[in-house]
Amino acid sequence: MFPLTLRFRLRSERLLRLRLIGLTQVRWSRYGPEYQDPQIDKEYYRKPLTELTEEEKYERELRKTQVIKAAPATRTSSVFEDPVISKFTNMMMKGGNKILARSLMTQTLEAVKRKQFEKYHAASAEEQATIECNPYTIFHQALRNCEPVIGLVSILKGGHFYQVPVPLAERRRRFLAMKWMITECREKKHRRMLMPEKLSQELLEAFHNRGPVIKRKHDTHKMAEANRALAHYRWW
């Protein structure tokens, strides 16, 4: 049996908690329930008033009297915003220095474009039509070329760990491609070579299906093919 004072204290805390349920806000939230999410899409504001429906007109008038949350620092309405490049920048960041990571990513894209323009002007008229100069297109295609289709997972069976081939989800494939690219640029870079120069080289190599990152993807596929007899361990 609990002492009388302890039981009384527990009962008082329980009643107080029940009274404050309706007043307790979500943890770590700085905004109340009356705050609305911000609208950062420029097309939403560029649409002329004559093309709006009655519901859209009423919604715009209502938003004039509502309180709006501040837009997160990671979201923007810029036409240059790219979620894949933002993810790559966050993975490349060290010590929370995002300004440096963004600067390195910008210099990398500039180096890619500069190299492609030099190649474009040195090529003949027939070859110029096949040279891609957009660094964003090169970046996305390079990452797609580095994405593995199948991977290996360690599964314990009978006291032994087996490398079992499993298909990878899209997010996992993109993560491995970014991880391999960043690891290759950091560990295999010459000490006198800057990060943007090395990263631009690896992106161009991967864009043409060449380089060590592409070789690592092929090695993963070969190992998965060699262990295909263990594929049934996924369900056991």
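Summary table
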quantity	calculated
Rel. contact order, % - alpha carbon contacts under 8 angstrom, at least six apart, the chain	17 percent
Most positive-pole-ward Cα, 79, 92, 108, against dipole of segment 67-132 from beta carbon charges	92
Percent accessible area from carbon and sulfur atoms, the chain, protein chains only, probe 1.4 Å	55 percent
Cα-based shape type of the chain, given that a ≥ b ≥ c are square roots of the gyration tensor eigenvalues and the cut on a/c is 1.5	oblate
For segment 81-186: accessible area per residue (Å², 1.4 Å)	58 Å²
Charge dipole of segment 153-236 about the Cα centre (unit charges at C-beta), most positive-ward option of 211, 196, 162	196
Under 15 Å from the Cα of residue 189 - aspartates and glutamates, other chains or at least 8 residues apart	197, 202, 205
Cα centroid of segment 170-236 to Cα centroid of segment 49-91, whole Å	35 Å
Average projected area [Cα convex hull, segment 126-220], square nanometres	8.1 nm²
Two-site label geometry, residue 47 and residue 126: point separation in nm, points 7 Å out along Cα→Cβ	5.0 nm
Rounded if a/c under 1.5, otherwise prolate or oblate - segment 71-177, Cα gyration tensor axes	oblate
Computed magnitude of the charge dipole of the chain (debye, nearest 20; Cβ of K, R +1, Cβ of D, E -1)	1600 debye
Shape call, segment 54-131: gyration tensor on alpha carbons, a/c limit 1.5	oblate
GNM top mover of 188, 119, 64 - the chain, alpha-carbon springs below 10 Å	64
Most mobile listed residue (222, 198, 42) in the chain, GNM with C-alpha springs under 10 Å	42
Segment 27-91 - Rg and Dmax from Cα coordinates, angstrom	15.4, 45
At 1.306 mPa s and 10 °C, Stokes diffusion of segment 126-182 via Kirkwood alpha-carbon radius, µm² per second	115 µm²/s
Restricting segment 68-143 to chymotrypsin sites (Phe, Trp or Tyr not before Pro) in coil, as DSSP defines it, with at most 11 other Cβ within 10 Å	80
Given 94/179; 188/215; 87/179; 119/179; 115/198, the pairs whose alpha carbons are separated by over 18 Å	119/179
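The values are calculated or read from the model by the stated rules, or taken from the named source; none is laboratory data. None of the values given here were measured: they were computed from a predicted structure. So basically every Cβ, Gly included, is an ideal-geometry build from the backbone, and we count neighbours across all protein chains shown. The accessibility values were calculated without ligands, DNA or RNA, using every heavy atom of the protein model including side chains. Shrake-Rupley method; radii C 1.70, N 1.55, O 1.52, S 1.80 Å.
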